[in-house]
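Rule-based calculations on the coordinates, nothing more; no lab input. Please read all numbers here as calculations on a predicted model, not as lab measurements. Ideal geometry is used to build each Cβ from the backbone, glycine not excepted, and the neighbour counts take in all protein chains shown.
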């Protein structure tokens, strides 16, 4: 029995020695592995953006907030030049270009935690789209695009007395942004028509929360920069 086992043990030992030697000669390159993980996550983000722009949001979980989370996780492993190179591949007419949270999370113009100015926020908000949270078969019933010159392009679902009972209506409004400097922090306030909103973050999603409404009315009038059920 010993004679039978001995050759096997010798063979196992030889394989172990070879494996240990190979591991010693080829140590795991943590930096290269981290970069590979980051680039793979950007590949996933690109696929999700393609799905979003093709209208396949629910089919592939291509919600804007999911895309922002995916890109944010990739940024942990990559440097600024690599992120900027990837951003250049995102189509100029992609829906993500109008997502404020996406812009904010991928901007390197100021160090993290730096104070922003009114001019900074005007640039970041220009061309972005916000909407009330979806409710029912129509999804979001109120949307706004913050255009140049302080013009707010507003689209809302209007109720009619006769068929078809509902219709989408467009109108122009105004928008502006202000940065309130406090002792140790800043508050960014966006004004749409005569209503003031405070920018608030929940993880990687940005919201415009009404400032002058009672608490029980705030949620239904809060504006999101990202998801509206399966409509983006």
* Would you mind classifying segment 60-126 by shape? Square roots of the alpha carbon gyration tensor eigenvalues, ordered a ≥ b ≥ c; an a/c under 1.5 is rounded, otherwise it is prolate if a/b is larger than b/c and oblate if not. => oblate
* Among 29, 99, rank each residue by its count of other Cβ atoms within 10 Å, from fewest to most, as a rough exposure measure. => 29, 99
* Which distance in nm do the two modelled labels at residue 189 and residue 202 give, with both placed 7 Å along the Cα-to-Cβ direction? -> 2.4 nm
* Using a basic spin-label model with each label point 7 Å from the Cα along Cα→Cβ, how many nm lie between residue 107 and residue 60? -> 2.8 nm
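Taking neighbour Cβ counts within 10 Å as the exposure measure, how do 163, 205, 200, 80 sort from fewest upward?
On the way: 163 6, 205 19, 200 13, 80 10.
Least crowded to most crowded, the residues run 163, 80, 200, 205.
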* Asked: Once you put a point 7 Å from the Cα of residue 218 and another 7 Å from the Cα of residue 84, both along the Cβ direction, what distance in nm separates them?
  -> 3.8 nm
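Rounded to the nearest 0.05, what FRET efficiency do residue 92 and residue 119 give with R0 = 30 Å and r taken as the Cβ-Cβ distance? Could you check? Each step should come with its number before you reach the end.
Details: r = 23 Å, r/R0 = 0.76.
After rounding, the FRET efficiency stands at 0.85.
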